[in-house]
Structures are given as structure tokens and as C-alpha cells.
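To keep things clear, I will list the structure first and then write my remarks on it.
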Amino acid sequence: MQPVGGLYAWSRCEQIGLIDRMERLSRVAGHVGSRSETEEETAKSLNSLALDFCGLSHVLTESERELCKAVRSVAESLRMELEEAVETTVMPPSVVREMQKLGSRCGGLQLKGYGCAGLSTTAALLVIFELARVDPSLATLYMVHCGVSMKAIAVGGSEEQKAKWLPRMAALQCIGGFALTEPEAGSDATSLGSTAVAVDGGWLLTGRKRWIGNVVGGGLVVVWARVVEREEERGREGGGGRIGGFVVEHNGKEGEHRGRGGGTWRVKKILAKGALRAVQNAEIEFDRFFVPECNRLALCDSWEEGIRPVLESSRVTAAALATGAAAGALERALGHCLRRRQFRRPLASFQLVQERLVSSAASVQGLFLSLLHAGRLMDRQNTEKKPGELFSAAQGSMLKAHCTKEAREVARKCRECMGGDGVLLSDSGAMRFLADLEAVHTYEGTYDVNMLIAGKALTGCSAFK
């Protein structure tokens, strides 16, 4: 396997060798799926084949392998609850309670202090990868909570604010959301229309947010709005020159919530989603809702200081999620093709099926190695205190765009391998991963926006303002 532009590609000879190995693998299908094994044992055996075949665990350290095993064990135990959540679009409280077992080991991912795990960047990416292998909705919940909500507080909060919120969040006793996207401000997040007007003792929030995860069922949400010092400035174009972060604590319920002075904020869950169905996204609307000064993130006074560093790191995390989803789809497809028989033979013994499975395995391996390479570089630059010198924000944008694009193609091939069963949203199908990857391809910067960010860095020419 040769590196190509920082990624990895398989030669034709290597692909032929992999196909030969896959043919031998298919001949053991009868043993793997034998009736002497329980259904659960069979599923675990089949799920391990795909990534064992790629040899991905061998490029990790022993501690990284142990971390992956611990995360995977907790995620696997939640399969039934997550399948129910996809059907009902309600994330059961039992899922969060079970995830609390990872608190001391993974809580807050890379964040340090305040009860957080202080993982390396590589380890944090592996956590999200393993969660997404089981269910991308579960990984998204954890990524939003740790990767953007907690990080926003860690980056922009005072010592008092961090001590107040981060320990409970690290232990998953309080789930955090991140309210940036608006109905008229998606990729162009600098064009926020929401405002925070200064009043005695705090701020009045006014505006609408959309696609906000972890609000329903959560405990707090970090809201981003334009800072307006005087009421008469609120209607001006641009709404003020600075963007500030404000922590709104709440009870996690839908409906209207009243604040001091009669201001309100309303939470309405978004229904009829085709992707990430277990993530309870919501529309929220603030109408002169009072937030005390102590809940304004003290160190976030601009886009550069507040939102930008959070989004830049979250794009790499989204790449890990996409890679995990691709691996999960491959595992489901391989297991299905080894068990399913047509024309008196396992599906896995047919040439066209093997080509799809092998090309998917090659893609997953390439994505994983690219992700690992990024994590190692980011860890090294953190150790050497050289931010952005070894792995830039533009490289993160390229990685996110590439991983989500390739992962979608992997999931499509895997769904095709599974025939009619592939369109089921159940845990055994690939359709859930394919649908969820449509959302992952869009959030944390669309494919087009991320490619243009990388394109500007590569060429020195900006294709956007």
C-alpha cells in the first residue's frame, strides 16, 4: 500500500491478493455461522472479521487497543436500546447511564483537569470511531457533548465556570448542547442573526437556532449570539461586531421555558428525520430570554477566540465518526454475506460481492490510517507546542471532507451487498450507516465548504470571501 497525497491507495496486485484472501475467508463461513454458536457469539465473530482482516489493531499501542476494547464493550451492550431509539427517535436515559461507565476513562476526551480524561488526540479519535462502529447517533451525541459543548466551556470559560460545569459534564451527569446553526446561517456561521443585548446583571438573548443536538434530554446548551451593547443597535445589519458564548441551563424538556422578566425560550424537537434518528435535534427560539452575566463565557469575545478553535478540532472528530460508520457498515455487510446463501452458495463466494467487500475494506483501511496519521501529528504538535505547524486547520477540513465522502461510498456498496435486508434501519443492516453518513457529510462544515478551505491553503487562492 503506497501513500498518495497523504492518504493511502491499493495497487491492483494488492487488491487481487485481498480478493484471494476473501475467497478463503468465505470458505469458513459455515464454521463462523454454525448452529453451535449462539446468535450473539456469531454476531461478535462476524463483526470482528472485517477489521481483523484489515489489521487495524496492529498499528495501535497496547493502551489504545485496551481503550478501544472498553469503549466497544459499552457500546455493544447498548445495541438493543439504540435500535429502539432509531425506531422511536427517543434516546433512552438508560443509554446515558450506561455511557457513564466511560466517564473516568473518556470523559471530556482530550480536555484536562476538572474530572476530564485528558486523552491524547489519537485516543479521542479512537473513542469516537468505536462508538460510530456501533451507532453513529451514539457517537454524535458524545461528540457534540465532549467535542464542542465541553470544549467551548474549556476554551472560553473562566476558572469558576469550568469548575462549575465541566466535572458534571465529564461524568455525563449533565449533557451539553451547542447552539450555533440558524435557519439562515448554516455554512456561513459568521452571519449569525441571534443577538445578546446587555442589560443590568446579564444579557437578553433573542433569535432562532436549528438542528441543535442534546437540547432535548440535556442539561445545558452553549448558545452563540452577536453581542449588542445597546438595544437600538440590535436591528442593524451584522447585529454587532462580536460573537459571544452564553450557557443556558435547562431541564431538557420540550416546550416553552420562562426566564426572569418574562422572557422565554422554546424548544421544539425536529421530527421525520431520515438520518441520525436517535439524536434528538431541536429548533430553539429565544425571545428576550435573560442569561446572567456569570453564564457568559468570559474568554470568548470573538469568532477567533470562541467558535473557530472548537469547529476546527471538531472536523477531525467528525472524520473519525465517518470512518467508524464505514467500518460498521462493512462489518454488517460481511457478516450478512457470510451467513446468507443464494444459489446454494454463500453470497460471500460470488466475485462481484467480493469486489465490493474488498474495495470497501481497502477504503476503510485507508481512512483509518489517514485518521491515525492526523491524530499522531496533532499529538506531536501539542507535545512540541507547535500549534498548526504539523497539522493545520485546512488539513482537518480536507480530512473531514474526504472521510465523509469515502465513507458514504463504502456504506452504499455495503448496502448493495445486502440486497433487500440492506435497506432495513435495524442494527443488522447497513442502511442506518448510509443514512447517518448523509448527515455527517453535512455537519461540521459541508463537503464543499471544507474542500474550499483546504483549496485555499493548497493553492493560495481563495474561492470565497
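Among the trypsin sites (Lys or Arg not before Pro) found in the range 107-201, those both in a DSSP coil and sparsely packed, with 15 or fewer other Cβ atoms within 10 Å of their Cβ, are 112. Fewest-first ordering of 464, 129, 290, 368 by other beta carbons within 10 Å of each residue's beta carbon gives 464, 290, 368, 129.
Between the C-alpha center of the range 265-293 and that of the range 338-371 there is a gap of 40 Å. Over the chain, dividing the summed -39,500 (n - 2.57) contributions of all DSSP H runs of at least 4 residues by the number of residues returns a 222 nm mean residue ellipticity of -15500 deg cm²/dmol. Computing Rg and the Kirkwood Rh from the Cα coordinates of the range 277-393 gives a ratio, Rg/Rh, of 1.19. Mean separation of Cα pairs under 8 Å and 6 or more residues apart, divided by the residue count, gives the range 176-295 a relative contact order of 30 percent. Working value for the chain: equivalent-ellipsoid semi-axes of 41, 24, 20 Å, each the square root of 5 times a Cα gyration tensor eigenvalue, largest first. Residues 437, 424, 452, arranged from fewest to most other Cβ atoms within 10 angstrom of their Cβ, appear as 424, 452, 437. Pairs spanning more than 21 Å between alpha-carbon atoms, out of 162/385; 162/269; 69/101: 162/385; 162/269.
Ranking of 208, 415 by neighbouring Cβ atoms within 10 Å, starting from the fewest: 208, 415.
Bear in mind these aren't lab numbers, they're just calculated from the coordinates by the rules spelled out. None of the values given here were measured: they were computed from a predicted structure. Neighbour counts run over all protein chains shown; Cβ positions are idealised from the backbone, glycine included.
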